[in-house]
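Beneath this line is the structure, given in structure tokens, with notes to follow.
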Amino acid sequence: MKLLVTGGAGYIGSHVVRAAEAAGHSCVVVDNLSTGLVKRISCPIVELELASPDSVSLLARLMREHKFDSVIHLAARKQVGESVQKPEEYFLENLGGLGNLLLAMREVGLKSLVFSSSAATYGMPDVDLVSEDYPGVPINPYGQTKLIGELMVKNAEVWGLKGVNLRYFNVAGAGASDLADTAALNLIPIAINAIKAGKAPVVFGTDYPTPDGSCIRDYVHVEDLALAHLAAVDYLVGEGQQFRTFNVGTGVGASVIEVLAALKVASGNDFEVSIGERRAGDPPRLVADVSRIEQVLGFRTKHDLASIVQSAWDAS
Ligand SMILES: NC(=O)c1ccc[n+]([C@@H]2O[C@H](COP(=O)([O-])OP(=O)(O)OC[C@H]3O[C@@H](n4cnc5c(N)ncnc54)[C@H](O)[C@@H]3O)[C@@H](O)[C@H]2O)c1
């Protein structure tokens, strides 16, 4: 198949491109290179700001030229804290970019789209396993852009779009050292940077209602996540139903303290850990119910926490 991958020069996008190429597909990437790196990919790349007014005609021309089978839309800003400080930029870029992409797809009749969504759409769920039907309310502008983006994809059913929203849980690890997450916005890369700087990684809160008191998350290996995109594309171009939303996680939670213990093993370094105050907006537990993606797409993750942490450490 021929795939248009927006944000394909980014951390997750470059893993998607590599997995797609390994499966025999060909890709063209569109990316504004704000955080993406050209060196992560070897397929053709078009440098383009999706939220710019002229992107609809440029995208439509690209789509006519390549006759893509599907689009995988990952391009977005993703920093929760920044989204609180600059909500307008997040709405303009994340949703304006998606709107332009949908306009171009409608214009050329390209009707298959996988959209990068996030567990941030759930806000502060108070259940052990969060299913896609949980009535979550995102608590920051970043999560709001993802929930509204999902609705934009759903609304495009009116002109025949078949869309899949993938709600990623905590993405981590690396498939190769040149594809590592360089942003250091999440626990594992932040902790690795701290260890390498000789500092103690911080556990924010040890008084949560969890077995060891630290927050529990569902860590999914970026290589597994990349394969979930290919399963979603297969579903869409096959006999797929219109519009589905799937969690992408492992269904298994790991606490911050457990992640740092795994990192001690991976790094061979018995580093000190420092205990800090809780951060606002951190749910105690956020773990995916993965039954829908297993049943409908037949998709299962392969990597466990040790493998995720080891690959992140090796790529750092
Ligand atoms: N990393 C995570 O843990 C995580 C979790 C849930 C959802 N997501 C979503 O996954 C997607 C990819 O995330 P990532 O971790 O690879 O981030 P990333 O910053 O590494 O990748 C984003 C890519 O999109 C490009 N981009 C951003 N805005 C653009 C725009 N307006 N026009 C064109 N290109 C643009 C960037 O240059 C970059 O290459 C994002 O939509 C993000 O919200 C990520």
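At-a-glance table
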read-out: Overall Cα dimensions of the range 179-316, principal axis frame, Å, largest first; value: 52, 33, 22
read-out: Relative contact order (percent, whole number), the range 231-299, Cα cutoff 8 Å, 6+ residue spacing; value: 56
read-out: Solvent exposure of the range 39-163 as accessible area per residue, Å², 1.4 Å probe; value: 47
read-out: Surface/4 estimate of mean projected area, convex hull on alpha-carbon atoms of the range 1-110, nm²; value: 6.4
read-out: Full-stretch length increase - N186, D234 - with 0.36 nm per residue and alpha-carbon distance subtracted; value: 14.3 nm
read-out: Relative packing of 307-313, 8-14, 48-54, which averages over residues the other C-beta atoms within 10 Å, highest first; value: 8-14, 307-313, 48-54
read-out: Calculated from backbone phi, Karplus (6.51, -1.76, 1.60) coupling profile of the range 129-135 in Hz, x at Gly/Pro; value: 10, 8, 8, 4, 8, 4, x
read-out: Dipole axis of the range 1-57 (+1 Lys, Arg; -1 Asp, Glu on Cβ), positive-most option in I41, T6, V28; value: I41
read-out: Flagged links, alpha-carbon separation over 20 Å, of K67/K162; K39/K302; K78/K146; value: K39/K302
read-out: Cα shape, the range 73-147, gyration tensor, a/c 1.5 rule; value: oblate
read-out: DSSP beta bridges in the chain [antiparallel fraction, %, rounded to 5]; value: 5
read-out: 4 °C / 1.567 mPa s Stokes-Einstein diffusion coefficient of the chain, Kirkwood radius on C-alpha pairs, µm²/s; value: 65
read-out: Packing-based ranking, highest mean first, of 245-258, 80-93 given that Cβ atoms within 10 Å are counted; value: 245-258, 80-93
read-out: For F204, distant residues with modelled amide H under 5 Å away; value: G276
read-out: DSSP H segments from the chain that extend 30 Å or more along their own axis, Cα-based, with Kyte-Doolittle mean of 0.0 or above; value: none
read-out: Estimated [θ] at 222 nm from DSSP helical runs (n ≥ 4, -39500 (n - 2.57)) normalised by residues in the chain, nearest 500; value: -10500 deg cm²/dmol
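The values are calculated or read from the model by the stated rules, or taken from the named source; none is laboratory data. Since we're looking at a predicted model, the values are computed, not measured. Here the Cβ is made from the backbone with ideal geometry for all residues, glycine too, and neighbour counts use every protein chain on show. These accessible areas exclude ligands, DNA and RNA; they are computed on the full protein's heavy atoms, side chains included. Shrake-Rupley method; radii C 1.70, N 1.55, O 1.52, S 1.80 Å.
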